[in-house]
Structure formats: structure tokens, C-alpha cells
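A short worksheet on the structure shown next.
The values are calculated or read from the model by the stated rules, or taken from the named source; none is laboratory data. Everything quoted here is computed from the prediction, not taken from an experiment. So basically every Cβ, Gly included, is an ideal-geometry build from the backbone, and we count neighbours across all protein chains shown.
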Amino acid sequence: MTETANTISLEALKTGDREAFARLVDETSVHIYRVALQILGDDQDAEDVLQETYIKAFRALPDFEGRSSLTTWLYRIAVNEALMLVRKRKPQTISVEENTPFDAEAESDEMEIVDFCCLPEGELLSSESRRFLEQAVQNLPANLRVAFVMRDMEEFSIQETAEALNLSKNNVKTRLLRARLRLRQELSVYFGGKIQKESRR
Amino acid sequence: MSEHVQTPKCKQLLGSLSEYIDGDLQAELCAEIEEHLKDCDNCRIVVNTLRKTVELYKQTTEPVGLPDAVRERLFLKLELKDFLKKV
């Protein structure tokens, strides 16, 4: 996570100093845009979230209490905006079961057991595979996707992800496990098909 | 190729696999998983493919910059036009 925003005077930001705010925007906006893009998978939606994040941040800065870092606070606003947009566009993608405890019984049911690690890198990283990987992330329920994007794509720690998502560390771990298992399952089916095709030749 | 993960032990360990591949698991539980993996082909494949899944995403996440036009529209929206040139 970037901590560059720490070099900007918080006092200046809180009193509405526009130059300080412009610096904050320049130092953080690329990260906010990336996260929004990964969560939403759409340039225009990501741009809307980016703009809304800084509009809200500018309004809320005078009340910023510094309980988390400024960057974590910005991520939190951005993730909330992104999730609101997801709910608005696809209300069915946020389901109740995402908040239930991990159920090994249900998760282990019909697991695909295919050792796709043996496939050559060229196959695993082909442009077709990359498109599949992207789509698979977009198919995850939004709450799981957010945890996966923050932790495995943007490489935040569990602690940072928990702060940015306003969740407990255990909750982040459960969501991450679910997201990873679902993606593993999707990739197993996808690459399993390729292995079968290969063996028929 | 679909199968159930066979034993109660497999199911019990499933909940710890994410932390296991991150190296964040207590040594005792780690040892328990490793002992189980010696004898369980299915779980070994699940662990390897879970690790590979995470690796593939890290490998394919491309650095995205902020497009100039997006930055410009952002600054205009925030009434920060005067500061557009200072990058």
C-alpha cells in the first residue's frame, strides 16, 4: 500500500488547502483507480468511483480523525463506492452466504481434482487464459472479489486489507479462502478441459 | 474428473489451506498438513493448484497507470484545474 500521502500536511488538507489536496490526488489516484478497475472490470465505472471517492474525501477531510492512515481511509471510501455501484448494477451479486462462516462440507463438495500445474507456461499465460482469469474474478461475488483484489492482486497484507474493508482479520481470511478456492475450481475446470483435449490428440 | 475430497481430515484441513500457502500458519498445524499431504494425492493437487492459482493472478496483474484524460477529468471535476500541470 502506498504511504506517500503521509508526506502531505494533514493540517493543510483538513483546512481545505487545494494545493495540498491536488498533491494528495496525484500521489494516490493511480492506486485508487487500479483497485476500482479490478473490482468493477469497467473503465467508465472505475472513473466514476475515482471521482466520487475524492469528492467524498474532500468533504470529509475536516472530520478525518487519523485512526487509520490517509491512504487506507481513501481505499475504504473507494471500496464502499465500488460496492455500492455493484449493488446498483447487479443486485444479485451480493448474497447472504458470503457472510456465513466457512463451511468445509459445502466447499469440498464436487471439487475438481486436476493437476493443471503441469501445463506449460505458454498455455497457462496465453492471452485466452488471461481473459479467462479476468472473467473468473469478475464472476466472483463482489464481497469475495474485493478481498481477493486487495490481497492477491494489489498485494496488501491481511491487516491492511482488513483496515481498508473495515472487517476483522478473520473475516478477510475467510473471504480470501473462499475466493481462492472458487477461482481454483474455475481454473481446474478450464485447464482440465485443455489437458483432456491434449491427451486425445 | 469431479470428485469429493474424501476423508474428514481432508475437509478439516481445507479451511487452513489459504493460510498454509501464505506461510502464515502455526508450525504445529503446518506439520499436520504436511503429514497428511504425504499420503493424500487429492489434497496435494488441491494445495498445488491453489498456490498456482494465486501465482497466476500475481503474474498476470498488469500495472495500470492513470490515463492522462482520466486525470484531467478528475481534476476538472474537483475544481483543481489550476494544479493540472503539476505532476
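Quick notes on this one:
- Filtered residues of segment A:126-182 (kept if surrounded by 18 or more Cβ atoms within 10 Å (Cβ to Cβ) and of a type in the set (Ser, Thr, Tyr)): A:Ser129, A:Thr161, A:Thr174
- The conditions of being facing another protein chain (nearest Cβ under 7 Å) and either surrounded by 15 or more Cβ atoms within 10 Å (Cβ to Cβ) or under 21 Å from the mean Cα position of the chain (by Cα) (or both) are not met by B:Val47.
- Checked across segment B:11-21, the condition of being surrounded by 17 or more Cβ atoms within 10 Å (Cβ to Cβ) and among the acidic types (Asp, Glu) holds for at least one residue.
- Matching helices (runs of 4 or more DSSP H) fully within segment A:133-201 where at least 3 residues are facing chain B (nearest Cβ under 9 Å) and in contact (Cβ under 8 Å) with a residue 12 or more places away in the chain: A:169-200
- Test: residue in segment B:25-32 that is modelled with pLDDT under 90 and either more than 10 Å from chain A (Cβ to nearest Cβ) or not in a helix (DSSP H, G or I) (or both): no
- So A:Glu128, is it assigned to a helix (DSSP H, G or I), acidic (Asp, Glu) and free of Cβ contacts under 8 Å to residues at least 12 places away in the same chain: yes
- Members of segment A:115-129 found to be under 23 Å from the mean Cα position of the chain (by Cα) and closer than 11 Å to A:Leu187 by Cα, listed by number: A:Leu124, A:Ser129
- Residues of segment B:33-62 that are farther than 13 Å from A:Met111 by Cβ and outside any helix (DSSP H, G or I): B:Thr61, B:Glu62.
- Considering A:Gln38, A:Gln44, A:Gln51, the condition of being within 12 Å of another protein chain (Cβ to nearest Cβ) and surrounded by 21 or more Cβ atoms within 10 Å (Cβ to Cβ) is satisfied by A:Gln38 alone.
- Where helices (runs of 4 or more DSSP H) fall entirely within segment A:12-95, those with at least 1 residues that are more than 27 Å from B:Asp82 (Cα to Cα) and under 20 Å from the mean Cα position of the chain (by Cα) are at A:18-40, A:70-89.
- When A:Glu105 is tested against (1) among the charged types (D, E, K, R); (2) within 8 Å of another protein chain (Cβ to nearest Cβ); (3) over 17 Å from B:Ser16 (Cα atoms); (4) surrounded by fewer than 18 Cβ atoms within 10 Å (Cβ to Cβ), only condition (3) is not met.
- Residues within segment B:71-87 that are under 18 Å from A:Lys56 (Cβ atoms), of a type in the set (A, V, I, L, M) and under 35 Å from the mean Cα position of the chain (by Cα), tallied: 2
- The set of residues in segment B:10-24 being within 20 Å of A:Asp103 (Cα to Cα) and assigned to a helix (DSSP H, G or I) consists of B:Cys10, B:Lys11, B:Gln12, B:Leu13, B:Leu14, B:Leu17, B:Ser18, B:Glu19, B:Tyr20, B:Ile21.
- Extreme residue, surrounded by the fewest Cβ atoms within 10 Å (Cβ to Cβ), among residues of segment A:11-35 that are small (Gly, Ala, Ser) and over 20 Å from A:Met153 (Cβ atoms): A:Gly16
Conditions (1) within 14 Å of A:Leu165 (Cβ to Cβ); (2) acidic (Asp, Glu); (3) touching a residue at least 12 places away in the same chain (Cβ under 8 Å), marked per residue:
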position: A:Leu37; (1), (2), (3): no, no, no
position: A:Leu40; (1), (2), (3): no, no, yes
position: A:Glu47; (1), (2), (3): no, yes, yes
position: A:Leu50; (1), (2), (3): no, no, yes
position: A:Ala57; (1), (2), (3): no, no, yes
position: A:Ser68; (1), (2), (3): yes, no, yes
position: A:Arg76; (1), (2), (3): yes, no, yes
position: A:Ala82; (1), (2), (3): yes, no, yes
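- Residue ID - farthest from the other protein chains (Cβ to nearest Cβ), chosen from residues in segment B:63-87 that are assigned to a loop (DSSP other than H, G, I, E, B) and in contact with a Leu (Cβ under 9 Å, 6 or more places away or on another chain): B:Leu84
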